Amino acid sequence: MGNYDNAMRRQVFSLPGLIKQQYEDLEPKTRKLLSTPEIFSVQRIILTGCGDSYSAGLATKHIFELLTGIPTEVVTSIELARLCDKGQLGFSPNNPLVIAVSHSGGVARVGESVERANKYGAFTVGVTANRESYLGRSSQRILEVDIPSFEPSPGVRSYLVSVLALLLLAIRFGEVRGKYTMDEAMSYRADLLSQANGLEDMLPSIDEAIQTLSLQWSEMEAFDFTGAGFDYAAAWYGHAKIMEAAGKYAMHINTEEWLHLNFFMRNYAKIGTIMFANSTNPTFSRAKEAIGYAARDLGRPTLVISDMDASSFPEPCTVVHTPKTSYPISMPLTQFVPVALLSGYIAAIIGEEDGRGTKDNWSFAHNGNAVKNSEIIID
């Protein structure tokens, strides 16, 4: 094939080293962020952010509940800032715990949501690379991430680090609250770290498969991403990257809802269908059923991303194998990688510029102005 190397691909190939580097930086930070009494006081957790940061919350919501036993929800920043009932903010000391994610820290709505949460008595933590940002200045506590600079592209490295930071926090909270032993907590952490070597070993084969598929799929008119439970965030992330990188129509949907809605779409031969199906996910059996209907019965062009090999799925599928994990909590660190590669390759093949170059009709978004410059209302 031609030379379709691109910035997203180069970011992806940097991820194994980034996992190791960021684990060493973030693991001790997450131990010290909150005191034992503070962790015990938490009765409810709200994860919030915009774009990729919102997806990072989706990736870890169920894991927070699994590891800590604390009811956890993912709330968009505009809902938390403008719509969330103030009676649910500060319903008891340090509650809810609001964890807001923004790599830049400069997104107006994320900072606004934290300011409002503070006003009504919530306990706020900002996960950001910039202490001096709006989010950094607004949050009561900061988990500072320090990601080495890299050439820009739609978020790959920053997304992984956001997910890793939240996973490490979830492990720490469960450990302190006595949900498992310290040894078990270290096994969870070791599984996260092991994804670096697993991904490094598998990247060449993943990359080759996605390069080949991207050439076949570059003229697709639309893309459909499905996942449920632990897999849903990867579907959300995939639809976002196709839009950002390639500018094509894309949708994300829960696997169950796909069988109520999306399969009705006409012109299915032009819809690239990406279905996540991880064997450690309680929704795995339903994912396999949906894949059968999509690939075998409808004849949709179907990519399956799974820790299982191709023999587990109908023959018409293309199956890309991702690293196996000892625990389901580690899945979000690597299962998004194939769709990042897919988005970057399709953009390169069709000659599309990331974010439309924020030129012409898109110039209002230059330097993030559309999300950084916005009226702040604290009601």
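Here are the numbers:
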| quantity | calculated |
| --- | --- |
| Strands (runs of 3 or more DSSP E) enclosed by region 95-204 - at least 3 residues per element that are without any contact (Cβ under 8 Å) to a residue 40 or more places away in the chain and buried (at least 22 other Cβ atoms within 10 Å of the Cβ) | 123-128 |
| Any hit, region 178-189, residues being at pLDDT 95 or above and within 26 Å of P154 (Cβ to Cβ) | no |
| Count of region 317-368 residues which are assigned to a loop (DSSP other than H, G, I, E, B) and of a type outside the set (D, E, K, R) | 10 |
| Region 206-252: number of residues that are without any contact (Cβ under 8 Å) to a residue 24 or more places away in the chain and either touching a strand residue (DSSP E or B) at 6+ places or on another chain (Cβ under 8 Å) or among the β-branched types (V, I, T) (or both) | 2 |
| Answer from N281, N197 - the residue that is of a type in the set (S, T, N, Q), under 19 Å from the mean Cα position of the chain (by Cα) and on the phi < 0 side of the Ramachandran plot | N281 |
| Filter result (assigned to a loop (DSSP other than H, G, I, E, B), in contact (Cβ under 8 Å) with a residue 40 or more places away in the chain and open to solvent by less than 90 Å² (accessible area, probe 1.4 Å)) within region 259-274 | N267 |
| Selected residue (criterion: most open to solvent (accessible area, probe 1.4 Å)) from residues of region 3-31 that are assigned to a helix (DSSP H, G or I) and aromatic (F, W, Y) | F13 |
| Matching residues, region 290-318, being under 22 Å from P332 (Cα atoms) and surrounded by fewer than 16 Cβ atoms within 10 Å (Cβ to Cβ) | D309, A310 |
| Region 287-308, subset farther than 20 Å from Y237 by Cβ and among the charged types (D, E, K, R), residue nearest to the chain's Cα centre (by Cα) | K288 |
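The values are calculated or read from the model by the stated rules, or taken from the named source; none is laboratory data. These numbers were taken from a predicted model, which means no experiment stands behind them. Reconstructed Cβ throughout: ideal geometry from the backbone, glycine too, with neighbour counts over all protein chains shown. Quick note on the areas: whole protein, heavy atoms, side chains included, nothing else; ligands and nucleic acids left out. Shrake-Rupley method; radii C 1.70, N 1.55, O 1.52, S 1.80 Å.
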